[in-house]
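Visitor: The following block contains the structure, expressed as structure tokens.
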Amino acid sequence: MSSTLLLIFLTFSTLIKAQDPLGNDISGDVQVGTVEKTLKKPIVIRFVDNFGNPQSNIKVEFSILEEPKENIITNKFAKLSQEQVKTDHDGYAMTELTFGKSKGNYYILAEAQGESLIFKEIALQKNWLLFLIFTLFGGLGIFIFGLNYGSKGLIRAAGAKMRDLLFNLTKNRFMAVLVGIIVTVIFGSSTASSILLVRFASSGIILLEQALGVLMGINIGTTITVQILAFKLLDYAILIVGVGFFLMHLFPKLRNIGQAIFGLGLLFFSLRLMSIATSNLRYLPDFNAAIISLANYPVLGIIIGAFLAFLLRSSAATIGIVLILSFDSLIEFPQAIPLILGANLGTTLSALISANTIEGRRVAFAHLLFNSIVIAILFPLIKFIPAVMNFIGGDIPRQIANFHSFFNIFTVVIFLPLIYPFAKFLKSIVKEADKERLRMHRLDPAFLSAPAIALGQATREILYMADITIKMLEDSIKVFQHRDNDLRKEIIKTDDDVDAFEETITPYLTKINEGEMNSKLSSLHSALLNAVNEIENIGDVISKNLMTYAKKQIDTGFVFSKEGFAQIQKYHEFVLTTLRTSIDALTTRDKNLAKEAAKRKELGYKMAKQFNEFHLDRLRRGLKESLETSTIHVDLISDFERINFHAAVIGEGLL
């Protein structure tokens, strides 16, 4: 009897969250559902004694302990299917929860015989996964817009100064690295900086060796952005946007700087939007399992990271997303390593695709090689990296930022001493095709909103076009001298190249934003349009007129009189000098040369008139050669005078 009483005294009951026979939680705690919907699984408790035996017919009370306060406004509260339940013969009692109108956390209290349990359930907005996709998509759009908008402001603010900076500083490879760092910090994106670098290299602004130094600086510059992101600067994104906006609209002189800051703020604001969306990724059924698998399948992680960096056009944005996941404890450092490696690989792909010239492709290919080689070096050591970063210290976001910094600094340490031999290697494996040599590659539409740079690139193309035309004029007299039909055909074919230049340069010049030009740039813009038109006219006169006369000479076999052809040669040399003087004036913007070229228009007219009189005198004397070549002689002098006129007008356009 005494032992029975002792057993009864020592026996007590416990309220626990339900488990199945294998010990798995079946209580329905921490479920995720949708507002105004009933949870898929019921909330289940079990009442047992201290020996684990079920206690039946025990009264259990369920109540809503706490729910989002917004439900008070909507007057749509959470509901329980049963508030008072008795345990069954297995000791179980359950109820079902229907969420209220508002998203957030809902807490359910279960009480029985003085014991209690609290269940936490999470309500998400309707179609939350769809809104997550929309937010990521919209955030990406804002990111790309902010990147482009901010970079345009920066380019306009710098204009020719940026070009001079690159010319002067990048001559030293260490200073080139510094330029790359500064530009990337301002842009907030290594991809944007590398694409801009490819454009500068394509446009001939900097040499390949200089570009490689800048490229290494870009790699380091992007780590600074990531280090800033690790400090959660996203919280101040809207402030940066506001500062940029008011600088643009309240301080006209700082408009371009304000636009650059505004664009930078949009970059961080877009990451902020995406961070709000990614906080719900933990509720995707297999998301956590997929993240864990990244450490087990690092190649897959590298591919995913590279794809995201390519899609977002920014390694900083990709690693920013990884940081956001780490802020919400959705990813551990070992799982982040492959994504970081992939981001550094993917950032090279956008520049590689955007490269449309030999120099641009060499720079882009160098970027790909730099990062690929370092990934190949680090990949076998991937399991030891967490220990190294743990030794350095910091939380998971800081470890992510530190490893990204280590990767890019390591790249610079390896390749900076090898810039010049590496440049030679690139030139040997990335070669220019014959068809590319005449291609207009300096006219990048990205510079249309930066007139100083755009006009500089257009000038280069016009000078190249002028060189071709001068060569046509030089060779034209040789056709008459030597009756060279092959050279005649070559000159006619070359005029197609001149026409192609005109068809490309003129539309480009007309698209340049005149609203961003000062008076000096506006004058240059008009002079360039004038020069393109006049050079194209000269090419047409040479190919369509002079070469037609040459064909007649070759076909009929007539010969100019010695005196007459000497005058033609003299006039040809005069006209050639006029054209060269005008082009020299265009090259140097020398007003004195421009005036000299302009004066030669009237001199050329007088010289043509004088030579025609000499020709009439020969006709009156009855020279046989002069009689046979009379028509062509007069037409030749007339067309040389036309060429001289067009050449002189180029000089006039500069005054």
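Visitor: Does any residue in region 572-599 that is surrounded by 16 or more Cβ atoms within 10 Å (Cβ to Cβ) come within less than 8 Å, Cβ to Cβ, of a residue that is aromatic (F, W, Y) six or more places away or on a different chain, and which pairs are these?
Guide: The qualifying pairs are H572/F640; V575/F640.
Visitor: Taking region 546-561, which residues are farther than 12 Å from L473 by Cβ, touching a residue at least 60 places away in the same chain (Cβ under 8 Å) and assigned to a helix (DSSP H, G or I)? Even if it seems obvious, please write down each step before you answer.
Guide: Taking region 546-561 as the starting set, the residues that turn out to be farther than 12 Å from L473 by Cβ are 548-561.
Right, trim to touching a residue at least 60 places away in the same chain (Cβ under 8 Å) and you get 549-554, 558-561.
If the condition is that a residue be farther than 12 Å from L473 by Cβ, touching a residue at least 60 places away in the same chain (Cβ under 8 Å) and assigned to a helix (DSSP H, G or I), then Y549, A550, K551, K552, Q553, I554 are the ones that fit.
Visitor: Please find, within region 22-42, the residue that is farthest from S102 (Cα to Cα) out of those that are more than 47 Å from the chain's Cα centre (by Cα) and of a type in the set (S, T, N, Q). Reasoning before the result, please.
Guide: So in region 22-42, the residues more than 47 Å from the chain's Cα centre (by Cα) come out as 22-28, 41-42.
Remaining after also requiring of a type in the set (S, T, N, Q): 24, 27.
Values: N24: 30, S27: 23 Å.
This residue is N24.
Visitor: Condition first: of a type in the set (V, I, T) and surrounded by 22 or more Cβ atoms within 10 Å (Cβ to Cβ). Now tell me which residues in region 206-259 satisfy that.
Guide: I206, V214, I218, T222, T223, T225, V226, listed by residue number.
Visitor: Restricting to region 599-627, and then to whatever is modelled with pLDDT under 70 and touching a Gly at 6+ places or on another chain (Cβ under 9 Å), can you tell me which residue is nearest to L655 (Cα to Cα)?
Guide: Ranking the qualifying residues of region 599-627, first place goes to S626.
Visitor: Same structure again: Inspect all residues belonging to region 367-375 and state whether any of them is out of contact with any Phe, Trp or Tyr (no Cβ under 9 Å at 6 or more places or on another chain) and either within 21 Å of I181 (Cβ to Cβ) or modelled with pLDDT under 90 (or both).
Guide: Kept after step one, since they are out of contact with any Phe, Trp or Tyr (no Cβ under 9 Å at 6 or more places or on another chain), are these residues of region 367-375: 367-368, 372.
Subsequent filtering for residues that are either within 21 Å of I181 (Cβ to Cβ) or modelled with pLDDT under 90 (or both) retains 367-368.
Scanning region 367-375, I find at least one residue that is out of contact with any Phe, Trp or Tyr (no Cβ under 9 Å at 6 or more places or on another chain) and either within 21 Å of I181 (Cβ to Cβ) or modelled with pLDDT under 90 (or both), so the answer is yes.
Visitor: Further question on the same structure: Identify all residues within region 286-303 that are β-branched (V, I, T) and either surrounded by 19 or more Cβ atoms within 10 Å (Cβ to Cβ) or touching a residue at least 60 places away in the same chain (Cβ under 8 Å) (or both); write none if there are none.
Guide: Residues of region 286-303 β-branched (V, I, T): 291-292, 299, 302-303.
I291, I302 - these are the residues of region 286-303 that are β-branched (V, I, T) and either surrounded by 19 or more Cβ atoms within 10 Å (Cβ to Cβ) or touching a residue at least 60 places away in the same chain (Cβ under 8 Å) (or both).
Visitor: Kindly establish whether N390 is surrounded by fewer than 24 Cβ atoms within 10 Å (Cβ to Cβ) and either part of a helix (DSSP H, G or I) or among the aromatic types (F, W, Y) (or both). It would help to see each step written out before you state the result.
Guide: On the way: surrounded by fewer than 24 Cβ atoms within 10 Å (Cβ to Cβ): yes; either part of a helix (DSSP H, G or I) or among the aromatic types (F, W, Y) (or both): yes.
Spelling it out, N390 is indeed surrounded by fewer than 24 Cβ atoms within 10 Å (Cβ to Cβ) and either part of a helix (DSSP H, G or I) or among the aromatic types (F, W, Y) (or both).
Rundown of residues vs (1) among the acidic types (D, E); (2) touching a Ser or Thr at 6+ places or on another chain (Cβ under 6 Å); (3) surrounded by fewer than 24 Cβ atoms within 10 Å (Cβ to Cβ), yes/no style:
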residue: L284; (1), (2), (3): no, no, yes
residue: R313; (1), (2), (3): no, yes, no
residue: S329; (1), (2), (3): no, no, yes
residue: L339; (1), (2), (3): no, no, no
residue: T347; (1), (2), (3): no, yes, no
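Visitor: Output the number of the condition that T318 fails; it satisfies all remaining conditions of (1) part of a loop (DSSP other than H, G, I, E, B); (2) modelled with pLDDT under 85.
Guide: (1)
Visitor: (1) part of a loop (DSSP other than H, G, I, E, B); (2) small (G, A, S); (3) touching an Asp or Glu at 6+ places or on another chain (Cβ under 9 Å): which one isn't true of S329, the others all being true?
Guide: Every condition holds for S329 apart from (3).
Visitor: Filter the strands (runs of 3 or more DSSP E) completely within region 43-151 down to those with at least 3 residues that are within 55 Å of the chain's Cα centre (by Cα) and either in contact (Cβ under 8 Å) with a residue 12 or more places away in the chain or under 30 Å from L197 (Cβ atoms) (or both).
Guide: Values: elements: 43-49, 59-66, 84-86, 92-95, 104-112, 115-124.
Qualifying strands (runs of 3 or more DSSP E): 59-66, 104-112, 115-124.
Visitor: Please go through (1) buried (at least 17 other Cβ atoms within 10 Å of the Cβ); (2) modelled with pLDDT under 90 for I542 and return the number of the only condition it doesn't satisfy.
Guide: In the conditions (1) buried (at least 17 other Cβ atoms within 10 Å of the Cβ); (2) modelled with pLDDT under 90, I542 misses (2) alone.
Visitor: So which of D484, D499, D495 is out of contact with any strand residue (DSSP E or B) (no Cβ under 9 Å at 6 or more places or on another chain), surrounded by 17 or more Cβ atoms within 10 Å (Cβ to Cβ) and assigned by TED's automatic domain parsing to the domain that holds Y549? Lay out the reasoning, then the answer.
Guide: Working: D484 fails: surrounded by 17 or more Cβ atoms within 10 Å (Cβ to Cβ); D499 fails: surrounded by 17 or more Cβ atoms within 10 Å (Cβ to Cβ).
Being out of contact with any strand residue (DSSP E or B) (no Cβ under 9 Å at 6 or more places or on another chain), surrounded by 17 or more Cβ atoms within 10 Å (Cβ to Cβ) and assigned by TED's automatic domain parsing to the domain that holds Y549 holds for just one of D484, D499, D495, which is D495.
So that you can scan it fast, the table gives a plain yes or no per residue for (1) at pLDDT 95 or above; (2) buried (at least 16 other Cβ atoms within 10 Å of the Cβ); (3) under 20 Å from Q31 (Cα atoms); (4) polar (S, T, N, Q):
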{"position": "N57", "(1), (2), (3), (4)": "no, no, no, yes"}
{"position": "L65", "(1), (2), (3), (4)": "no, no, yes, no"}
{"position": "E70", "(1), (2), (3), (4)": "no, no, no, no"}
{"position": "Q82", "(1), (2), (3), (4)": "no, no, yes, yes"}
{"position": "Q113", "(1), (2), (3), (4)": "no, no, no, yes"}
{"position": "E121", "(1), (2), (3), (4)": "no, yes, yes, no"}
{"position": "W128", "(1), (2), (3), (4)": "no, yes, yes, no"}
{"position": "G138", "(1), (2), (3), (4)": "no, no, no, no"}
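Visitor: Further question on the same structure: Of all the helices (runs of 4 or more DSSP H) wholly in region 153-240, which have at least 3 residues that are within 16 Å of V412 (Cα to Cα), at pLDDT 70 or above and in the same structural domain as A277 (by TED's automatic domain parsing)? Even if it seems obvious, please write down each step before you answer.
Guide: On the way: elements: 160-169, 173-187, 190-202, 208-230.
Answer list for region 153-240: 173-187, 208-230.
Visitor: Looking at L455, is it modelled with pLDDT under 90 and under 25 Å from the mean Cα position of the chain (by Cα)? Can you show your working first?
Guide: Numbers: modelled with pLDDT under 90: yes; under 25 Å from the mean Cα position of the chain (by Cα): yes.
Answer is yes for this residue.
The values are calculated or read from the model by the stated rules, or taken from the named source; none is laboratory data. Quick caveat, the model's predicted, so the values are computed rather than measured. Cβ atoms come from the backbone with ideal geometry, glycine included; neighbour counts cover every protein chain shown.
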